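Nothing in this text is a laboratory measurement; each read-out follows from the coordinates by a stated rule. Being a predicted model, the structure only gives us computed values, none of them experimental. Cβ placement follows ideal geometry from the backbone for every residue including glycine, while neighbour counts extend to all protein chains displayed.
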Amino acid sequence: MKMLVNAKRIKQLRDQKCWSQLQLSEMAGISLRTLQRVEAKSVASQETVKSIASVLEVDCDTLLADQPLPMQSEPVESDNMKLSENVQTGSHEHEPQAISQTLLKRRLLIAAFMVAFAAAFGFWGVFSAYAENRIDQEQFSLLKNLVSIGLLVGLAGVGYRAFKAGLISRSDFY
């Protein structure tokens, strides 16, 4: 989530400590380019704000701007773009945002596979029970429909989480 920060306040606090942008970025564990963007555009992720505030020994609220960030449709940088940027700048550190996006993608993919596996196992159980005449036609239809609904709800939940995390957008479907 992007937050509107007071870039002048960050620069002022950095200057009070006589630190360069490079020094602050290294101490905060963010790339120099990220700090440059924060000071230029007054926008940062929550993790970046926490890191900078910690190093400057101030509360996060001290770095935030007074107005809320307007909703805007920014292009989402891919992890490969961030990784190549770190390689180009010589930084071997990964930003917390890039790591969390990669981890989130992996977790959502695992969740989707788990939902699909659970549904396949459910269908196998329902169909085998019906084939062995352990359940009648009415129970078969009910259980089959419940497993189908569970599959759809589970995949919809994973899709919604991916949408809210910015991994997919409406334009991906049009």
query: What list of ³J(HN,Hα) values in whole Hz, one per residue of the stretch 151-158 in order, does the Karplus curve 6.51 cos²θ - 1.76 cosθ + 1.60 (θ = phi - 60°) give from phi, with Gly and Pro shown as x?
result: 5, 5, 5, x, 5, 5, x, 5
message: Full-extension gain between TRP19 and SER141, please, as 0.36 nm times their residue separation minus the C-alpha to C-alpha distance.
response: 37.0 nm
statement: With ARG14 itself left out, Lys, Arg at +1 and Asp, Glu at -1 over residues whose Cβ is under 13 Å from its Cβ give 0
- prompt: Given H placed on each backbone N at 1.01 Å, which residues far from ILE168 in sequence or on other chains put an amide H within less than 5 Å of it?
  reply: PHE163
Spacing of the two label points (7 Å from each Cα toward its C-beta) at THR102 and LYS50, in nm: 1.9 nm
- request: Pop a pseudo-label 7 angstrom from the Cα along the beta-carbon direction at both LYS2 and GLU57 and give the gap in nm to one decimal.
  value: 3.3 nm
- request: Note down the net charge around GLN23, summing +1 for each Lys or Arg and -1 for each Asp or Glu among other residues with Cβ under 9 Å from its Cβ.
  value: +1
Listed peptides 31-40, 158-167, 57-66 by packing density, highest first (mean Cβ within 10 Å): 31-40, 158-167, 57-66
- request: With only Lys, Arg, Asp and Glu charged, each at its Cβ (+1 for the first two, -1 for the last two), find how big the charge dipole of the stretch 2-66 is about the Cα centre; round to the nearest 20 debye.
  value: 280 debye
message: List the pairs from LYS8/LYS50; LYS50/LYS105; LYS11/LYS41; LYS2/LYS41; LYS105/LYS164 whose alpha-carbon separation is above 19 Å, in the order I gave them.
response: LYS50/LYS105
query: Given H placed on each backbone N at 1.01 Å, which residues far from LEU64 in sequence or on other chains put an amide H within less than 5 Å of it?
result: ASN6
field: Estimated FRET transfer efficiency when R0 is 35 angstrom, pair LEU155-ALA129 (beta carbons, to 0.05)
entry: 0.90
message: Quick one: 3J(HN,Hα) in Hz for the stretch 34-41, Karplus 6.51/-1.76/1.60 with θ = phi - 60°, rounded, Gly and Pro as x.
response: 5, 5, 4, 5, 4, 6, 8, 9
statement: In debye to the nearest 20, the charge dipole size for the stretch 97-169, taken about the Cα centre with +1 at each Lys and Arg Cβ and -1 at each Asp and Glu Cβ, equals 540 debye
By average C-beta atoms within 10 angstrom, highest first, the peptides 8-21, 43-56, 131-144: 43-56, 8-21, 131-144
